[in-house]
Amino acid sequence: MTLHLEDDQMCYVCGKKNTQGLKLSFEKSRKHHLISEVTFRKEHQGYKNIVHGGMMAAVLDDIMVNLAWLEGLPVMTGELTVRLKKAVPTGHRVLLEGVLERGEGRLVYMRASAKSLKGELYATAKAKCLRVPPGSIKLASRPKEG
C-alpha cells in the first residue's frame, strides 16, 4: 500500500496557511542542525501564563522531523521522549534547535532543545524516527526552509 503524504501547509506547527497555527520557519545553521523560534500565546497555556507541555512536545517534534526531511531523509516519528525542565512563560520567545545525530538502517536518531533568550534550558527531546521507504511515498510537496 502506498503512503500518500501531502503537505497542504495546514500543519499546526509549521503550516503557513493555518490561521490558528504557530507558523514556524526554519533556518539551517549548519549541517545536521536546524533552528527556529516561537512565541507561545495565552491560548497555548496549560496553567495560567505557562505553556502547555504538549505544545513544547509538538514544536520539538516538528523541528526534528523537518530537519530530517531537509537533509533528504523522509521520516515519521516512531518514538518521542520529552523532558520538561522549566516552565515556559507565555509571551516569551523560545529558541529551538534540532540535531540529526545518526541514521542506522530504517531508524534516524534526532534530538532537540528549547531555550530562553538567556540560554535557560526549558525542554529537551529525543526521537527515533522511521525512514519512509522511497517507493512507498507519493509526496505532493516537502518541507521547505524559512
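Key figures for this structure:
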{"quantity": "Residue among L70, L5, L80 that alone is touching a residue at least 40 places away in the same chain (Cβ under 8 Å), under 16 Å from K128 (Cβ atoms) and in contact with a strand residue (DSSP E or B) (Cβ under 8 Å, 6 or more places away or on another chain)", "calculated": "L80"}
{"quantity": "Subset of the stretch 34-53 [surrounded by fewer than 21 Cβ atoms within 10 Å (Cβ to Cβ) and either under 12 Å from the mean Cα position of the chain (by Cα) or among the hydroxyl-bearing types (S, T, Y) (or both)]", "calculated": "I35, E37, T39, Y47"}
{"quantity": "Residue in the stretch 1-33 that is farthest from M64 (Cα to Cα), counting only those that are among the basic types (K, R) and over 16 Å from the mean Cα position of the chain (by Cα)", "calculated": "K17"}
{"quantity": "Single unsatisfied condition, L22 versus (1) on the phi < 0 side of the Ramachandran plot; (2) surrounded by fewer than 17 Cβ atoms within 10 Å (Cβ to Cβ)", "calculated": "(2)"}
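A quick yes/no check of all residues on (1) touching a strand residue (DSSP E or B) at 6+ places or on another chain (Cβ under 9 Å); (2) closer than 22 Å to K31 by Cβ:
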| residue | (1), (2) |
| --- | --- |
| Y47 | no, no |
| L84 | yes, no |
| T90 | yes, no |
| A114 | yes, yes |
| K128 | yes, yes |
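FYI, it's all coordinate maths here, none of it is from the lab. All figures in this text were calculated on a predicted structure; none of them were measured in a lab. All Cβ positions, even for glycine, are placed from backbone atoms using ideal geometry, and neighbour counts span all protein chains on display.
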